[in-house]
Amino acid sequence: MTLSLSPAACRVRAHRLRELLGARGLDGALISARGHVHYFGGHWGGHNTAALLLIETEGPTTLVAPRAPDGGHGADRVDVYTFNRYGTLADDQMGRAAEALGSRLAKLKRLGFDHTMRPEWFRGEAVSILDDVYTLRRRKDEDEVAVIRTAIAATEAGYAAARVALKPGVTEVELFAEIQRAAALHLGEVFSEIGNDFRIGEIAGSPRRRPAEAGEIAVLDLTIPVRGYHSDLCRSFVVGAEPTPRQRQAHARVVEALDFVEATARPGSSCREVFLQAQAMLDGHEGWEFRHHLGHGVGLSPHEAPHLNPEWDDTLEIGDVIAVEPAAYGSELRAGIRLEQMYRLGEAGLEKLSGFGLEL
């Protein structure tokens with residue numbers, strides 16, 4: 001189980017950023033988004049404190065954190081700021097971290113930033129580099145994929161618990177609690193908000209105090225974050241009964257659509273064309289509907305490039321990590337079937353990252 005990024009790989013990513021900074025004539029970058037501090041610096045901080053990372057184009061990488069990191073990190077130096085007084089958290093944690101960088105920031109003239117920049121922190125020219133960071137993030141390194149696999153494994157632990165708990169009479173909130181408990185026990189640490197869909201008899205939505213009825217389908221679309229990285233899987237389970245013939249038929253069609261994407265998606269494939277081909281297999285078939293995207297990239301955001309969506313015109317690239325989620329919905333199905341798998345794209349095609357069964 002991998003929870004943290006490789007310090008060596010973080011240094012490589014910081015070097016890639018330095019090359020972009022140099023090409024844009026920037027003296028450095030101030031990294032403040034929590035996930036990006038982890039991505040470039042290997043540090044995953046606490047929920048109630050902030051950390052900053054200063055990557056100088058012709059200088060060191062400096063991590064400013066509330067305490068010295070316990071484990072490995074990818075920074076050249078670490079500065080510590082005072083984050084509490086006698087056990088009470090100080091106000092404006094990020095501002096205090098920026099103050100600790102004051103002398104290093106003062107010598108720079110043009111500075112990139114990814115998320116937060118205040119005038120009092122830097123008197124020179126500040127330039128957003130968020131699009132550059134998004135470009136770097138798209139191709140996932142091996143250490144990133146390892147953390148994503150950990151998030152997937154926690155999600156699959158949640159599905160195993162859901163299969164046991166999903167009986168007539170269980171409420172959606174009770175089911176949600178069992179999923180969250182299983183994921184937390186698997187990870188052995190706190191994680192942030194779990195998404196996305198926990199409704200029974202409906203295709204999407206937050207959990208309610210509504211009891212499940214036999215024969216309904218629970219469409220469980222789960223995203224579990226691990227130190228900034230996300231999983232995104234969906235499984236559809238019939239509550240306390242054998243699937244009807246129509247439910248089995250719809251399930252088989254959705255599996256066919258998944259198999260089609262697995263067999264045909266390659267580097268250079270048009271995401272729009274992949275979507276349209278899958279849509280033609282699903283939407284209107286036997287009167288069922290497929291009325292949302294086919295999938296998307298997954299990483300430090302639950303939805304990122306590439307987009308398997310007719311509203312974008314992306315192209316699949318080596319190193320993409322994507323979620324693919326074909327579906328068939330209809331009232332006779334008592335919600336519908338959505339199945340979502342995660343993949344990494346290599347030269348030969350898609351490598352499946354998720355292994356939990358698709359059975360109803």
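Read the figures in this text as sums done on the coordinates, not as results from a lab. Since we're looking at a predicted model, the values are computed, not measured. Note: ideal-geometry Cβ built from the backbone for every residue, glycine included; neighbour counts use all protein chains shown.
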1/(1 + (r/R0)^6) with r = Cβ-Cβ of Asp259 and Glu347, R0 = 22 Å, i.e. FRET efficiency to nearest 0.05, evaluates to 0.60
Determine, from the Cβ-Cβ distance of Asp131 and Arg246 and an R0 of 35 Å, the FRET efficiency 1/(1 + (r/R0)^6), rounded to the nearest 0.05.
0.15
To one decimal place, what Kirkwood hydrodynamic radius in Å is obtained for the range 293-360 from all pairs of distinct Cα atoms?
13.1
Let me check against my output: what whole-number percent is the relative contact order of the chain, with C-alpha pairs under 8 Å and at least 6 apart?
13
Extension reserve of the His47-Leu3 stretch, reckoned as 0.36 nm per residue once the Cα distance is removed
14.3 nm
Find the all-direction average of the projected area of the Cα convex hull for the range 124-274, expressing the result in square nanometres with one decimal place.
12.7
Restricting to Cα pairs under 8 Å and 6 or more apart, the percent relative contact order of the range 7-138 works out to 25
Largest fluctuation, Asp92, Asp314, Asp221 only, Gaussian network model of the chain with Cα springs under 10 angstrom, belongs to Asp92
Rounded to the nearest 10, the angle in degrees between the Cα long axis of helix 142-165 and the longest principal axis of the Cα atoms of the chain comes to 40
The FRET efficiency for Ala90 and Arg266, from their Cβ-Cβ distance with R0 = 51 Å and rounded to 0.05, is 0.45
Mean shadow area (nm²) of the C-alpha convex hull around the chain is 19.2
Kindly put Tyr159, Tyr39, Tyr86, Tyr134 in sequence by how many other C-beta atoms sit within 10 Å of each C-beta, fewest to most.
Tyr86, Tyr134, Tyr159, Tyr39
So, relative contact order of the range 176-256 in percent, Cα under 8 Å, 6 or more apart, is 23
HN-Hα J in Hz across the range 15-21 - Karplus 6.51, -1.76, 1.60, θ = phi - 60°, x for Gly and Pro:
5, 4, 5, 4, 4, 5, 4
For Val226, list long-range residues whose amide hydrogen, built 1.01 Å from N in the peptide plane, is under 5 Å from its own amide hydrogen.
Ser231
Potential extension, Arg291-Glu273 segment - 0.36 nm per residue separation minus Cα distance:
4.9 nm
Using the Cα centre of the range 7-138 as the reference point, and only Cβ charges (+1 on K/R, -1 on D/E), how large is the resulting charge dipole? Debye, rounded to the nearest 20.
160
In Å, what Kirkwood hydrodynamic radius results for the range 7-138 from the alpha-carbon pair distances?
14.6
